[in-house]
Amino acid sequence: MSSWLCVLLIASAPPAVQAGEQLALPDIGNPSGNVLTPADEQRLGRAFMRSIRNTMPVIQDPLLSAYIQSLGEQLASANEDAIGRFEFFLINSAQVNAFAGPGGHIGVYSGLITTTESESELASVIAHEIAHVSQKHLVRTYDAVSSMSLPAAAVAIAAVVIGAATNNPDIGVAAATGVQAGMMQREINFTRSHEEEADSIGIRTLAAAGFDPTAMPVFFSRMGKASRLYDNGTLPEFLRTHPVTSNRIADAYGRADAFPYKQRRDSLVYHLARERLRVMAFNEPSEGIEFYSKALDDGRYRNEEAHNYGYTLVLIAARKYTQARKIIDSLLSNRPDQIEYIVAKAELEKLSGQPTLGVGLLKQGLGEHPGNYPLSIYYAQALLDIGRPKEVKQILEQQLTGRPDDALLYKLLAQASGDAGDKTQGHQYLAEYYYHTGALNSAVIQLEIALKDRDLGYYESARMAARLKEIRAEKSDLEARNR
């Protein structure tokens, strides 16, 4: 059974508890805090993410990234054992899954968001993954790779995630040639007790964060019903690797019954994110136009406002600007501060030949939402499009302070620096972009080019040389492990 990928890693569970009973958690021992220090775990987590970005389709859409991070942080803050920073990110895949990695890095598949029928269902899966991190389930498994250096261990762990995600451990092993990933897979599987504890704490987290605590068993139950529509030979990958048992469903309902019923209305941003992902999944804009127009005619939509937002996006993609303008203007008239609508209108203005109007909209929006990540990114890109790179660097460098591992920021800063005439700094930022996406060879090349600048000051040159040495050492370590 796969580990590190445990949305519904279903195992036999004890009988459901009665409402009001004290929920006794299984005794699974003390966390192995001496095996991996918090600082080491964070470094391992960053290396893990570099490997994930290099091998999996991580979504870099600022609006979607901001939503999943916001939802994740809301849940993490409701888990009293969740200490330190968590990073939540999206994988562009129709699979219904999520996984927890070291250092509080939690990946969510786009298929999970579009499959859930409520925001509480989505939150239930994320809360489960947060529990794996907060209860040190991941740290306890580190002894399986403790003999490796951090970079090699991160690649090995990422290989297990890839193998689990594709239901093909051989792919994971191939992704970490020279690492005994198959053996490690067996050693770091989550146990039944881990899953039990993650379910229980996840439900408690849902209640504390104001979500419906019954969302987890409801989602389990729906997955169980779906499994009966297939025979064993045609089961979707998710249902083959995560069988939903009646015991686990009953146990989850019992645990949820210990908390007051909470009917929570889905946030608009949840519905907007679902539609944005839906639009991304269409092969051609014409497919989207047909889908949205027919659904509107038939009245088949979960949220009319979000449905119109999705319709606007496909109309813009199809260059039907007049129709798109009518809808987005109506949406903005009701919610002038909605960031998704501001970004859509700015994109419409740019593509319809009025980019300066789009820049103005984004600037105004950023004035009303200072420091907002998506608006900062889109405003920076809009400024680059009209040839104003010097203004971009200050905006993005402010964002970099709180997001030092954000590959997209480095990519845009590299472009801004180059367009502003600072080629050397452009190479430095591009090196960091390549480094954070796992392309270590390219990162080394960019720093080597930057160091050839004869106008570099002593301290800047020394700092850059030290960074080059670090990346070369990491590259050599991984190459040695792969021999």
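The values are calculated or read from the model by the stated rules, or taken from the named source; none is laboratory data. If you're wondering where the values come from, they're calculated on a predicted model, not measured in any experiment. A quick note on method: Cβ atoms are made from the backbone with ideal geometry, for glycine too, and the neighbour counts reach across all protein chains shown. Note: areas computed on protein heavy atoms with side chains; ligands, DNA, RNA excluded. Shrake-Rupley method; radii C 1.70, N 1.55, O 1.52, S 1.80 Å.
Pairs 136/411; 294/320; 350/393; 262/326; 294/326; 136/262: which are spaced more than 26 Å apart, C-alpha to C-alpha? Exceeds cut-off: 136/411; 262/326; 136/262. Give me the net charge of residue 50's neighbourhood, meaning all other residues with Cβ under 10 Å from the Cβ of residue 50; Lys, Arg count +1, Asp, Glu -1. Here the charged neighbours net out to 0.
Where the centroid of each part is defined by its Cα atoms, how far is segment 268-301 from segment 314-360 in Å? If you average the Cα positions of each part, the centres end up 17 Å apart. One chain, two ends: residue 208 and residue 460. Fully extended at 0.36 nm per residue, the span grows by 85.9 nm beyond their Cα-Cα distance. Solvent-accessible area of segment 84-125 (1.4 angstrom probe, protein heavy atoms only): carbon and sulfur portion equals 44 percent. Entry note, segment 49-104: relative contact order of 40 percent, from Cα contacts under 8 Å with a spacing of 6+ residues.
Based on alpha carbons, the Rg and Dmax found for segment 36-100 are 12.9, 35 Å. Here segment 280-360 has 46 percent of its accessible surface on carbon and sulfur atoms, given a 1.4 Å probe and all protein chains in place. Think of a 1.4 Å ball rolled over the protein heavy atoms: segment 234-374 then has 52 Å² of accessible area per residue. Derived scalar couplings between HN and Hα for segment 212-225 equal 6, x, 7, 4, 5, x, 4, 5, 4, 4, 5, 5, x, 5 Hz in order, rounded to whole Hz, by the Karplus curve 6.51 cos²θ - 1.76 cosθ + 1.60 (θ = phi - 60°), x for Gly and Pro.
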